[in-house]
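*Asks:* Let me give you the structure first, and then I'll get to my questions.
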Amino acid sequence: MLPVLDARRRILASLSPLPAETVPFGDVSGRVLAEPVHATRTQPPADFSAMDGYAVQSKDLPNSPEHLAIAGESKAGQGFEGRVPPGSAIRIFTGAPVPIGLDTVVIQENTKLHPDNHVEICGPVTVGQNIRKAGMDFNQGDALLEQGTTVGPRQLALIAAANVCKVCVYRRPRIALLSTGDELVNVGEVPGKDAIIDSITPALACFIDQNGGVAQILPHARDTLSAIKDTISSLAPCDMLVTIGGASVGDYDLVRSGLGESGMTLDFWKIAMRPGKPLMFGTLGETPVLGLPGNPVSALVTAYLFLGPAIDRLTGRPPREPALIEASLTKPLSSNGPREAWLSTNATFTGGRWQATPHPIQDSSVLSSLAAANAFLVRPPYAPAIESGAPVHIHLLDRSLIF
């Protein structure tokens with residue numbers, strides 16, 4: 001059996017980012033930049049006020065307090081036009097352009113308004129205070145985002161501020177999903193007494209979408225060699241084929257044989273991992289094929305560890321590595337076998353340290369444990385039995401929990 005890290009490396013070594021395409025601004029969310037983004041304008045485009053108050057020429061205020069005539073106002077979207085008379089102030093509001101010739105904004109709290117349309121400047125004045133200078137954020141032509149950046153809300157705001165209407169990104173990978181099994185029925189169908197609802201295909205389609213791919217769900221293939229081969233032969237163009245189930249050692253586990261007879265070159269089959277031993281990887285022509293186990297927990301855990309990084313590579317992102325942190329075990333664990341174990345776990349941060357409580361049922365068919373988990377507890381092969389309080393390593397599923 002292939003170690004988990006070696007399996008991951010072999011999968012990623014066979015993949016490359018997909019070709020680039022130019023998309024309109026509205027379609028760039030969640031995509032990965034294939035080229036740097038450059039600003040098409042300067043931001044701010046002129047000197048703008050950072051506060052409500054009065055714009056002045058600092059040389060008109062040799063001492064404090066001083067009285068200045070109010071010559072007009074400047075507000076956001078409608079600035080003061082023309083020249084400001086010497087010894088005058090302009091009423092100004094946050095986000096408004098600073099009139100030509102003025103170099104300072106005095107906040108409203110440091111002024112007194114007099115009935116004769118004069119303002120008294122009471123506080124100290126520092127040249128340039130409360131002004132956002134032109135180009136303080138960026139200038140036209142500046143490189144704002146690097147190639148390989150994933151566009152989230154922060155990056156999208158920057159692209160919008162720079163008025164970039166079209167963006168060059170890597171194409172989203174089209175990933176075909178093939179589930180096999182006579183027992184499978186779709187959600188909403190009336191299952192027979194021996195049927196199983198297909199929970200994994202929609203879950204993987206969601207996973208693919210959230211990670212930047214496009215899922216292409218194929219009809220269920222029956223547990224016959226001819227049915228599997230027929231489905232493979234009619235496969236539409238895709239960037240990766242993911243099979244679910246049928247890759248173990250039972251009499252009806254025919255996916256590996258069907259793919260082999262259809263021309264797949266097998267890279268590896270079986271990894272030293274629990275859950276997830278019957279993981280398969282190969283190539284069908286130029287299409288990478290990732291065979292996930294049929295048990296739902298096994299399929300989702302292996303998708304998290306292998307399909308996710310594969311999508312990263314195809315979309316131009318650096319493949320994400322599992323981040324392990326130390327925690328204290330809250331209950332004893334028996335010794336581990338020859339496979340690296342990924343246990344559904346509840347992690348809490350208490351007393352300045354992470355506490356890890358593995359769920360009592362770790363069966364690869366029990367989805368409730370995985371759905372309730374917020375971490376995996378990772379145990380190396382042949383790890384000895386350990387007692388409560390022992391240090392262990394966990395991987396948080398919700399990375400926002402890390403302080």
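The values are calculated or read from the model by the stated rules, or taken from the named source; none is laboratory data. Remember, it's a predicted structure, so these values are computed and weren't measured experimentally. All accessible areas refer to the heavy atoms of the entire protein, side chains included, with ligands and DNA or RNA removed. Shrake-Rupley method; radii C 1.70, N 1.55, O 1.52, S 1.80 Å.
*Asks:* How much length, in nm to one decimal, is gained on full extension between ASP398 and ILE196, taken as 0.36 nm per residue of separation minus their Cα-Cα distance?
*Replies:* Values: separation 202, 0.36 × 202 = 72.72 nm, distance 2.93 nm.
Between ASP398 and ILE196, full extension yields an extra 69.8 nm.
*Asks:* Now, a different point. So which residue, out of LEU12, LEU279, LEU68, gets the largest mean-square fluctuation from a GNM of the chain using Cα contacts under 10 Å as springs?
*Replies:* LEU68
*Asks:* Per residue of the range 19-25, in order, report the coupling 6.51 cos²θ - 1.76 cosθ + 1.60 (Karplus, θ = phi - 60°) as ³J(HN,Hα) in whole Hz, putting x for Gly and Pro.
*Replies:* 3J(HN,Hα) across the range 19-25, in whole Hz: x, 8, 8, 9, 10, x, 3.
*Asks:* I'd like to check one number: the per residue accessible area of the range 23-88, probe 1.4 Å, reported in Å² as a whole number.
*Replies:* 52 Å²
*Asks:* While we're here: Mind jotting down the distance between the C-alpha centroids of the range 32-66 and the range 179-249, whole Å?
*Replies:* Their Cα centres are 57 Å away from one another.
*Asks:* Would you mind working out the accessible area per residue for the range 119-173, using a 1.4 Å probe, and quoting it in Å²?
*Replies:* So the range 119-173 comes to 55 Å² accessible per residue, rounded to a whole number.
*Asks:* Test of understanding: in a Gaussian network model of the chain with alpha carbons linked when under 10 Å, which of SER365, SER335, SER257 would top the mean-square fluctuation ranking?
*Replies:* In this elastic network of the chain, the residue with the biggest mean-square fluctuation among SER365, SER335, SER257 is SER335.
*Asks:* A further question on this structure: Using amide H atoms built in the peptide plane, which far-off residues or other-chain residues are under 5 Å from ALA46 H to H?
*Replies:* GLY135
*Asks:* Using a 1.4 Å probe over the heavy atoms of the protein chains, calculate the carbon and sulfur portion of the accessible area of the chain as a whole percent.
*Replies:* On the way: 10380 of 19570 Å².
Answer for the chain is 53 percent, counting heavy atoms of protein chains only.
*Asks:* So how exposed is HIS393, as accessible area in Å² (1.4 Å probe, rounded to 10)?
*Replies:* Answer for HIS393: close to 90 Å² accessible.
*Asks:* If the cut-off is a Cα-Cα distance under 23 Å, which lysines reach LYS270, setting aside same-chain residues fewer than 8 apart in sequence?
*Replies:* LYS229
*Asks:* Given the protein chains as shown and a 1.4 Å probe, how many square angstrom of LYS270 are accessible, to the nearest 10?
*Replies:* For LYS270, solvent-accessible area is about 60 Å².
*Asks:* Using helices alone, I'd like the mean residue ellipticity at 222 nm for the chain: each DSSP H run of four-plus residues gives -39500 (n - 2.57), total over residue count, nearest 500. Don't jump to the answer; show the numbers that get you there.
*Replies:* Numbers: 8 runs with 67 residues, N = 403.
Using -39500 (n - 2.57) per qualifying helix, the result is -4500 deg cm²/dmol.
*Asks:* Using modelled backbone amide H atoms (1.01 Å from N, in-plane), which distant-in-sequence or interchain residues come within less than 5 Å of GLU35's amide H?
*Replies:* Under 5 Å from the amide H of GLU35: GLY148, CYS168.
*Asks:* Okay, moving on. Taking only protein heavy atoms into account and a 1.4 Å probe, give the accessible area per residue of the range 287-403 in Å². Walk me through the intermediate numbers first.
*Replies:* Numbers: 5050 Å² over 117 residues.
Spelled out: the 1.4 Å probe surface of the range 287-403, per residue, equals 43 Å².
*Asks:* Oh, and also: Give a residue-ordered list of calculated ³J(HN,Hα) values for the range 265-272 (Karplus: 6.51 cos²θ - 1.76 cosθ + 1.60, θ = phi - 60°; whole Hz; x for Gly, Pro).
*Replies:* Residue by residue, the range 265-272 yields 8, 7, 8, 8, 8, 5, 10, 7 Hz.
*Asks:* To continue, here is another question. Accessible area of MET51, 1.4 Å probe, to the nearest 10 Å²?
*Replies:* About 70 Å², ignoring ligands and nucleic acids.
*Asks:* Rounded to whole Hz and in sequence order, give me ³J(HN,Hα) for the range 173-182 from the Karplus expression 6.51 cos²θ - 1.76 cosθ + 1.60, θ = phi - 60°, writing x for Gly and Pro.
*Replies:* Result, rounded to whole Hz: x, 8, 10, 7, 10, 10, 9, 10, x, 5.
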